[in-house]
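Taking it in order: structure first as structure tokens, then the write-up.
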């Protein structure tokens, strides 16, 4: 039998059991049998993702693999945030103050991570992502409204366009609605949503409004991903970053060389969290985007690796 160190992290929050939960499992080598990782992920986390941490290679300092309930996925934003909070005392990374830079390998390639460190504790994890792609495709407003359980006019009255943003291996439909109260009362049909996303090779649906609970925040979000086995994600880093790019691209927010936005999410699931996003532009063209957040450990111990 082989036991692995494991921690459960509430991400994008400093409050235990708020934000988006993720299990982090730490290994000294990499099992080749994905079935064992999938079994463990399905056992640990019925809500969201499980992250497996392995040593880096010549091109990276650390290697992360992400699993939902049903499959290995390319990338997980909250899983990435969780991983570094789980590694504080593992010795795989040398944390230096005030900033530690990390090259992280995932299925989408190499990401650059900035860790804000104080008193040997991580205060914030920031993930830099490559330039987004804005995909032009015929989106069916009626079909989107149907799977969200709303009327097409509820989307059209928001006065902003539906868009598709491809970022870090995910293609996100961005859907505007008018108010936070309306957004919190949406009851999607996840079967229809999955069928629609699968038909157009889309990954996730981000529904947002500019009406926020905290007046200092930019947008309120709900994030759905039934195509990868997650009906609703409490708080999504990539979803927030995709929305930030969409807001800049469509000139819905004022643009600077570095546009900072704060996305609130998770209230519907009673797991509120905050994602800090930064969109970097030059001559009004987006060069890159980053997102970041905090995390807090809510469990630590060991889990048994399933038999091969």
Task: Footprinting exposure proxy for 60, 70, 254 (fewest neighbouring C-beta atoms within 10 Å first) - done: 254, 70, 60
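Okay, helix-only estimate at 222 nm for the chain: each DSSP H run of n ≥ 4 adds -39500 (n - 2.57), divide by all residues, round to 500 deg cm²/dmol; what do you get?
Result for the chain: -5500 deg cm²/dmol, rounded to the nearest 500.
Beyond 19 Å, what share of the Cα-Cα pairs of segment 20-109 is found? Please give it as a whole percent.
Cα-Cα pairs in segment 20-109 separated by more than 19 Å: 35 percent.
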- [ ] Sketch the reach of a paramagnetic label on residue 90 as a point 7 Å from Cα along Cα-to-Cβ, and name the residues of segment 162-184 whose backbone nitrogen lies under 15 Å away.
- [x] none
- [ ] Order these peptides, 131-142, 267-278, by their mean beta-carbon neighbour count within 10 angstrom, highest first.
- [x] 267-278, 131-142
Open item on the list: With a cut-off of 8 Å between alpha carbons and a minimum separation of six or more residues, what is the relative contact order of the chain in percent?
Closed with: 23
- [ ] Set the Förster radius R0 to 25 Å, insert the Cβ-Cβ distance between residue 57 and residue 101 as r into 1/(1 + (r/R0)^6), and round the FRET efficiency to 0.05.
- [x] 0.90
TODO: With no solvent and one equal point scatterer per Cα, compute the Debye intensity ratio I(q)/I(0) for segment 36-190 at 0.19, 0.20 Å⁻¹ and report its log10, rounded to two decimals.
DONE: -1.14, -1.19
Open item on the list: Taking 51 Å as R0, compute the FRET efficiency from the Cβ-Cβ separation of residue 302 and residue 178 and round it to 0.05.
Closed with: 0.60
- [ ] Taking the Cβ of each residue in 23, 3 as the centre, tally the other Cβ atoms inside 10 Å and list the residues starting with the fewest.
- [x] 3, 23
- [ ] Could you list 214, 195 in order of exposure, starting from the residue whose Cβ has the fewest other Cβ atoms within 10 Å?
- [x] 214, 195
Task: Choice from 238, 117, 127 showing the highest fluctuation, given a GNM over the chain with Cα pairs closer than 10 Å - done: 117
Task: Where labels lie 7 Å past Cα in the beta-carbon direction, separation of residue 141 and residue 120 in nm - done: 5.8
Open item on the list: I'd like to compare 242-252, 179-189, 74-84: which one has the highest average count of other Cβ atoms within 10 Å, and what's the full order after that?
Closed with: 74-84, 242-252, 179-189
Open item on the list: Viscosity 1.567 mPa s, temperature 4 °C: give me the Stokes-Einstein translational D for segment 119-184 in µm²/s, with Rh taken as the Kirkwood radius over C-alpha pairs.
Closed with: 90
TODO: Once you have the Cα-Cα distance between residue 256 and residue 3, take 0.36 nm times their residue separation minus that, and quote the gain in nm to one decimal.
DONE: 86.2 nm
TODO: At 20 °C and 1.002 mPa s, grab the translational diffusion coefficient of segment 190-308 from Stokes-Einstein with a Kirkwood Rh over Cα pairs, rounded to a whole number in µm² per second.
DONE: 134
Task: Span from the segment 96-152 Cα centroid across to the segment 193-252 one, whole angstrom - done: 11
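Since every read-out is calculated from the coordinates, none of them should be taken as a lab result. Everything numeric here is computed off the predicted structure, so don't read it as measured data. Virtual Cβ from ideal backbone geometry, glycine too; neighbours counted across all protein chains shown.
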